[in-house]
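Read through the structure below, which is laid out as structure tokens, and then see the notes.
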């Protein structure tokens with residue numbers, strides 16, 4: 001079944017998050033489907049999830065605030081087909097202290113945008129506003145939300161954001177924080193969206209729709 005194969009794709013993404021130390025208990029991964037989404041259970045560590053822990057949720061059938069947030073993202077952003085909510089250590093630390101931090105690496109500028117902003121809460125309205133024009137944002141006292149056209153792009157965004165946060169924190173300790181100029185960051189983002197990632201993500205999206 002296509003749904004079973006899609007569940008495996010979600011679990012593969014969870015395993016990669018765990019392998020890169022980007023998660024804590026309670027983190028959640030979801031994947032858009034025609035009638036709603038597949039979403040992991042927050043009750044288990046992502047590394048130990050099984051197919052039974054990935055459930056289908058209809059578009060109007062959210063059972064809790066987390067599911068409602070994921071559905072709200074899918075409902076308002078047609079370009080997003082995968083959502084990761086996780087607690088990467090450096091991103092989580094920054095989310096407690098700052099309102100935003102600038103792109104510090106080329107791939108952060110390309111995939112995330114010129115900066116990563118911090119949503120004041122995990123309420124859908126706040127998160128959607130903070131995500132506007134970006135593929136990821138931090139959540140005050142709530143970790144990270146990374147999105148993408150595919151699970152692969154969402155995972156890459158989560159990984160790149162943590163790398164950028166590490167670079168920002170590290171450079172702040174020894175000198176002035178590293179940052180990419182706004183013009184260069186916007187240009188990198190535009191080129192990535194319109195050229196470099198378009199063909200690659202289109203192929204991965206088709207594969208994702210077919211279940212692998």
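According to the Cα-based calculation, Rg over Rh for region 2-204 is 0.95, with Rh computed by the Kirkwood formula.
Can you tell me the orientation of helix 198-209 relative to the chain, as the angle in degrees between its alpha-carbon axis and the longest Cα principal axis, to the nearest 10? Roughly 30 degrees between the two axes.
On the beta carbon distance between residue 79 and residue 47, with R0 = 22 Å, the FRET formula returns roughly 0.15. Computed from label points 7 Å out along Cα-Cβ, the spacing between residue 34 and residue 193 is 2.9 nm. Placing pseudo-labels 7 Å out from each Cα toward the beta carbon at residue 66 and residue 5 gives an inter-label distance of 2.8 nm. Taking the longest Cα principal axis of the chain as reference, the axis of helix 65-76 is set at about 80 degrees. Helix 151-174 and the longest principal axis of the C-alpha atoms of the chain enclose an angle of approximately 30°. In region 27-148, Cα pairs under 8 Å separated by at least six residues give a relative contact order of 24 percent. Taking only the Cα atoms of region 1-114, the radius of gyration and Dmax are 14.9, 45 Å. Mean separation of Cα pairs under 8 Å and 6 or more residues apart, divided by the residue count, gives the chain a relative contact order of 22 percent. By the helix-only formula, in which each DSSP H run with n ≥ 4 contributes -39500 (n - 2.57) and the sum is divided by residues, the chain has a 222 nm mean residue ellipticity of -14500 deg cm²/dmol.
Every read-out reported here was derived from the displayed coordinates using simple, explicitly stated rules and does not represent laboratory data. Values in this document were obtained by computation on a predicted structure and should not be read as measured data. Neighbour counts are summed over all protein chains in view; Cβ atoms, including those assigned to glycine, are modelled from backbone coordinates with ideal geometry.
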